[in-house]
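Enquirer: Okay, here's the structure, questions in a sec.
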Amino acid sequence: MKSETPYADLSPDAVLDAVEASGYRSDGRVLALNSYENRVYQVGIDEDAPVVVKFYRPGRWTDAAILEEHAFALELAALEIPVVAPLARDGVTLHLHDAYRFAIFPRRGGRWPELGLATDREWLGRFLGRIHAVGRAGAFAHRRRLQIDELGWKSREFVLQGSWMPDYLAAKYEDVTASLLEEVELRAADWGGARQGRIHGDCHRGNILWTEAGPHFVDLDDCLCGPAIQDIWMLLAGSRAEMRAQLTDILSGYEQFAPFDRAELGLIEPLRALRMIHYAAWIARRWHDPAFPLAFPWFAEPRYWEEHYRALDEQLAAVVEPPLEL
């Protein structure tokens, strides 16, 4: 079915045709970039810098939701916050060609952020604080809100309804995810009353590029309304002591531009649990897309599900532990 292989007709020629129909003159070079939810290409432009073209997964977002993503990115960029925003052509940022919706972005290079230095973590925190300060000054009308039910219970049910894991693990997965989500709801209902605003939504290190000029943020495809900690916790790694030190540095920069409620620290492990459950369901939902079995072949192997179950069981213990404190 076309809905299961939505990019079947997106050939290199189709990519070039779409770019040229938008008013750019291509030099014929097309390079596929690392992306699974959408399709992203670097396209050479005649006598100009290459551009990056993102083709949105059909049926995932409404036009209004995509335009809110673009408007948020442009609002941040206008304030000189380093977010890669879409290019406008005659005021238009969302284009349509042969039923594919797409946007064109300037190419911005950079490296994976190591965040090994306190100064780098503080630098990143300053920009996150600025993003959230702007995010709280407005509101989304068409983007999603961060929800336990969507990330947790619905993801769990989708996995359980499929034939992904070995039979001997299904009951264990059902039990551990039920216990985990019950604890998440107990500790994170209504996000503990945390103030919510427009946020990046998927602020892991893969969506940050670092240059000599510092960090810049890419891919606001998952921007939504949620608590600030959602854009912070994925930047933390290591032991509790290491995460405490990292968080101290990030917040040192963050709080120069926006207040941060320390009560949100209690949401870190519940949010991590939700991401673990949702990630498995995300791959399962996209398995009919040929790119996914190629990129995640281990997903269909019993070993993955055994490790996933153990990780969920360990995360249950982490959720019920006292939250991280500074």
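Enquirer: Looking at this structure, is Arg143 surrounded by 13 or more Cβ atoms within 10 Å (Cβ to Cβ), of a type in the set (D, E, K, R) and under 17 Å from the mean Cα position of the chain (by Cα)? Talk me through it step by step, then tell me what you get.
Expert: Values: surrounded by 13 or more Cβ atoms within 10 Å (Cβ to Cβ): yes; of a type in the set (D, E, K, R): yes; under 17 Å from the mean Cα position of the chain (by Cα): yes.
In short, yes.
Enquirer: Considering only residues that are among the small types (Gly, Ala, Ser) and modelled with pLDDT under 95, look in the range 102-126 and name the one that is farthest from Val92 (Cα to Cα). Show your work before the answer.
Expert: Step one: list which residues in the range 102-126 are among the small types (Gly, Ala, Ser), which gives 103, 109-110, 116, 118, 125.
The next check asks that each one be modelled with pLDDT under 95; those that pass are 109-110, 116.
Details: Gly109: 24, Gly110: 27, Gly116: 40 Å.
So the residue we want is Gly116.
Enquirer: Do the conditions hold for Gly197, that is, is it assigned to a strand (DSSP E or B) and either free of Cβ contacts under 8 Å to residues at least 60 places away in the same chain or small (Gly, Ala, Ser) (or both)? Let's see the steps before the verdict.
Expert: On the way: assigned to a strand (DSSP E or B): yes; either free of Cβ contacts under 8 Å to residues at least 60 places away in the same chain or small (Gly, Ala, Ser) (or both): yes.
Against the criterion (assigned to a strand (DSSP E or B) and either free of Cβ contacts under 8 Å to residues at least 60 places away in the same chain or small (Gly, Ala, Ser) (or both)), Gly197 qualifies.
Enquirer: Among the residues of the range 22-65, write down those that are more than 26 Å from His142 (Cβ to Cβ) and outside any strand (DSSP E or B).
Expert: Gly23, Tyr24, Arg25, Leu33, Asn34, Asp46, Glu47
Enquirer: Hey, Val184 hits all of (1) touching a Pro at 6+ places or on another chain (Cβ under 7 Å); (2) closer than 25 Å to Val319 by Cα; (3) not in a helix (DSSP H, G or I) but one; which does it fall short on?
Expert: Result: Val184 passes all but (3).
Enquirer: Consider Ile250 carefully, then state whether it is crowded, with 23+ Cβ neighbours inside 10 Å and of a type in the set (Val, Ile, Thr). Let's see the steps before the verdict.
Expert: Details: crowded, with 23+ Cβ neighbours inside 10 Å: yes; of a type in the set (Val, Ile, Thr): yes.
Answer is yes for this residue.
Enquirer: Quick one: what pairs do we get from the range 37-61, first residue of a type in the set (Phe, Trp, Tyr), second not in a strand (DSSP E or B), C-beta under 7 Å, 6+ apart or different chains?
Expert: The qualifying pairs are Tyr41/Val15; Tyr41/Leu33; Phe55/Leu10; Phe55/Asn38; Tyr56/Asn38; Tyr56/Ile66.
Enquirer: Let me ask you something else. In the range 290-310, what residues are over 19 Å from the mean Cα position of the chain (by Cα) and either in contact (Cβ under 8 Å) with a residue 12 or more places away in the chain or outside the structural domain of Gly152 (by TED's automatic domain parsing) (or both)?
Expert: Filtering the range 290-310 for residues over 19 Å from the mean Cα position of the chain (by Cα) gives 290, 293-294, 297-310.
The answer is Pro290, Phe299, Ala300, Pro302, Trp305, Glu306, His308, Tyr309.
Enquirer: Another question about this same structure. Is one or more of the residues making up the range 25-35 out of contact with any Gly (no Cβ under 7 Å at 6 or more places or on another chain), at negative phi and touching a residue at least 24 places away in the same chain (Cβ under 8 Å)?
Expert: Within the range 25-35 (the criterion being out of contact with any Gly (no Cβ under 7 Å at 6 or more places or on another chain), at negative phi and touching a residue at least 24 places away in the same chain (Cβ under 8 Å)), the answer is no, since none of the residues qualifies.
Enquirer: Just one of Leu265, Leu271 is assigned to a helix (DSSP H, G or I) and farther than 30 Å from Val40 by Cα; which is it? Let's see the steps before the verdict.
Expert: Numbers: Leu271 fails: farther than 30 Å from Val40 by Cα.
Every option except Leu265 fails the conditions.
Enquirer: Can I ask one more? Just for the range 235-247: of the residues that are assigned to a helix (DSSP H, G or I) and either under 21 Å from the mean Cα position of the chain (by Cα) or of a type in the set (Ser, Thr, Tyr) (or both), which one is surrounded by the most Cβ atoms within 10 Å (Cβ to Cβ)? Explain how you work it out, then say what you get.
Expert: If we filter the range 235-247 for residues that are assigned to a helix (DSSP H, G or I), which is where we start, we get 235, 240-247.
From the residues that got through so far, the ones that are either under 21 Å from the mean Cα position of the chain (by Cα) or of a type in the set (Ser, Thr, Tyr) (or both) too are 235, 243, 246-247.
Values: Leu235: 20, Met243: 17, Gln246: 20, Leu247: 24.
Ranking the qualifying residues of the range 235-247, first place goes to Leu247.
Enquirer: Looking at Leu169, Leu96, Leu160, Leu180, which is the one that is more than 21 Å from the chain's Cα centre (by Cα), farther than 29 Å from Ala311 by Cβ and of a type outside the set (Asp, Glu)? Explain how you work it out, then say what you get.
Expert: Working: Leu169 fails: farther than 29 Å from Ala311 by Cβ; Leu160 fails: farther than 29 Å from Ala311 by Cβ; Leu180 fails: farther than 29 Å from Ala311 by Cβ.
Just one listed residue meets the conditions, Leu96.
Enquirer: Specify which of the listed residues (Glu314, Glu269) is modelled with pLDDT of 95 or more and more than 23 Å from the chain's Cα centre (by Cα). Spell out how you get there, then give the answer.
Expert: Working: Glu269 fails: more than 23 Å from the chain's Cα centre (by Cα).
Testing whether each residue is modelled with pLDDT of 95 or more and more than 23 Å from the chain's Cα centre (by Cα) leaves just Glu314.
Enquirer: Among all residue pairs at least 6 apart or on different chains, which show Cβ distances below 6 Å where the first residue, located in the range 133-161, is not assigned by TED's automatic domain parsing to the domain that holds Phe257 and the second is in a helix (DSSP H, G or I)?
Expert: No pair meets every condition.
The values are calculated or read from the model by the stated rules, or taken from the named source; none is laboratory data. Everything numeric here is computed off the predicted structure, so don't read it as measured data. Using ideal geometry, Cβ is built from the backbone for each residue, glycine included, and neighbour counts are taken over all protein chains shown.
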